[in-house]
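**Student:** Mind having a look at this structure? Questions to follow.
Readers should treat all values here as calculations from the given coordinates under stated rules, not as data from a laboratory. None of the values given here were measured: they were computed from a predicted structure. Glycine also receives a Cβ, built like all others from the backbone with ideal geometry; neighbour counts cover every protein chain displayed.
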Amino acid sequence: MLGLHPTQTVGEKYVRAVLDGAGCLPLLIPSLEPATDLRATLAELDGLLLTGAYSNIEPHRYSEEPSWEGNLHDPVRDANTLSIVPLAIELKIPVLAVCRGLQEVNVALGGTLHQKVHETPGFHDHREDKDAPLDVQYGPAHPIDLAPGGLLARIAGGEVATVNSLHGQGINKLAPGCVVEARARDGLIEAIRLDAPEPFLLAVQWHPEWKVRENPFYLGIFQAFAAACRERAATRN
Ligand code: MN
């Protein structure tokens with residue numbers, strides 16, 4: 001809501017990262033009820049970025065578990081994004097998914113989530129300190145191990161990276177058709193990609209959009225996404 005008006009918003013950090021990191025122009029896809037039929041629109045686009053959010057996917061989308069009290073939901077976004085992921089794959093549109101976006105990719109393709117990673121035996125607390133300044137919240141939080149020979153290892157030029165961590169949820173069962181690109185040291189999946197030559201589909205649990213030009217690894221992720229978008233733009237028509 002902005003004043004009394006329902007509002008469609010996107011965080012400026014994502015807009016900036018697409019402009020400054022990928023060199024592409026972002027357009028906002030409306031999230032409305034009923035879900036918009038995006039087939040014709042998507043066919044004209046070169047890439048799709050699924051952003052993070054404060055809300056979590058409603059758990060009935062992937063399990064029998066009830067939600068927890070105070071959990072923020074956005075069923076309209078669920079309806080739109082969960083249908084857009086398979087459509088993007090069918091139309092061979094490059095996808096970069098961040099945080100909630102990673103969870104959407106995993107659920108849309110048949111995987112499940114932990115609703116509270118910090119209460120799941122064996123896992124660390126991956127949440128940010130909400131009272132800390134933003135730069136601390138989005139600062140380096142934990143190392144991740146990158147899959148040898150994978151896309152992220154190629155981008156990083158090595159098999160270890162350090163990332164921010166601002167998530168209470170995480171992947172439980174990996175969706176079929178996806179492979180793990182990165183794990184935290186507690187074993188939690190931190191990045192996945194589609195196990196197919198195309199389209200480019202990379203989903204990360206951290207926030208590479210944060211100050212993208214100041215972090216070579218984050219920038220490399222947006223540049224790899226941009227390269228896939230340009231390739232599509234060149235062959236689209
Ligand atoms: Mn994490």
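**Student:** Run Ala97 past the list (1) surrounded by 21 or more Cβ atoms within 10 Å (Cβ to Cβ); (2) touching a residue at least 60 places away in the same chain (Cβ under 8 Å); (3) within 12 Å of the ligand (Cβ to nearest atom) and report the number of the one that doesn't hold.
**Tutor:** Of everything listed in (1) surrounded by 21 or more Cβ atoms within 10 Å (Cβ to Cβ); (2) touching a residue at least 60 places away in the same chain (Cβ under 8 Å); (3) within 12 Å of the ligand (Cβ to nearest atom), Ala97 misses just condition (3).
**Student:** Does Ile171 fit the bill of being touching a Pro at 6+ places or on another chain (Cβ under 6 Å) and touching a residue at least 60 places away in the same chain (Cβ under 8 Å)?
**Tutor:** Numbers: touching a Pro at 6+ places or on another chain (Cβ under 6 Å): no; touching a residue at least 60 places away in the same chain (Cβ under 8 Å): yes.
It is false that Ile171 is touching a Pro at 6+ places or on another chain (Cβ under 6 Å) and touching a residue at least 60 places away in the same chain (Cβ under 8 Å).
**Student:** Which fully enclosed helices (runs of 4 or more DSSP H) of region 119-237 have 3 or more residues being over 19 Å from Leu50 (Cα atoms) and away from the ligand (no atom under 16 Å from the Cβ)?
**Tutor:** Filter on region 119-237 gives 151-156, 216-235.
**Student:** What number of residues within region 179-188 are buried (at least 23 other Cβ atoms within 10 Å of the Cβ) and within 14 Å of the chain's Cα centre (by Cα)?
**Tutor:** 1
**Student:** Restrict the check to region 70-83 and report whether at least one residue is more than 20 Å from Gly168 (Cα to Cα), of a type in the set (A, V, I, L, M) and in a loop (DSSP other than H, G, I, E, B).
**Tutor:** no
**Student:** Cβ-Cβ under 8 Å, sequence separation 6+ or interchain: first residue in region 114-135 and loosely packed, with under 11 Cβ neighbours inside 10 Å, partner assigned to a loop (DSSP other than H, G, I, E, B). Which pairs?
**Tutor:** Hits for this filter: Gly122/Asp186; Gly122/Gly187.
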